[in-house]
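K.L.:
So that we are looking at the same thing, I have put the structure below in structure tokens.
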Amino acid sequence: TMRDFLRAIKELVQETFEEGSPAALAIEPFLSPDFVPLTNCYRSMDDQQLVEALRRSPT
């Protein structure tokens, strides 16, 4: 589900940035399940498109 997807991204972010760091705090709102541009973008993708988008995204 969308919530599981966002939870997985948050876990990756937490591994990358220290919790409470300015960078982590700056991106937190964008990972909210209610962030409309994000949910609209990924809601329109099927599973295969989502997997391909994640593979192409920079790490």
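K.L.:
Mind listing whichever residues of the range 2-20 are in a helix (DSSP H, G or I), free of Cβ contacts under 8 Å to residues at least 40 places away in the same chain and either over 9 Å from the mean Cα position of the chain (by Cα) or closer than 17 Å to Leu50 by Cα (or both)?
P.N.:
If the condition is that a residue be in a helix (DSSP H, G or I), free of Cβ contacts under 8 Å to residues at least 40 places away in the same chain and either over 9 Å from the mean Cα position of the chain (by Cα) or closer than 17 Å to Leu50 by Cα (or both), then Arg3, Asp4, Leu6, Arg7, Ala8, Ile9, Lys10, Glu11, Leu12, Gln14, Glu15, Thr16 are the ones that fit.
K.L.:
Right, next: If we scan the range 39-56, do we find a residue that is at pLDDT 75 or above, in a helix (DSSP H, G or I) and among the small types (Gly, Ala, Ser)?
P.N.:
no
The values are calculated or read from the model by the stated rules, or taken from the named source; none is laboratory data. What you see is a predicted model, and the numbers here were worked out from it, not measured in a lab. Glycine gets a Cβ as well: all are built from the backbone with ideal geometry, and neighbour counts include every protein chain shown.
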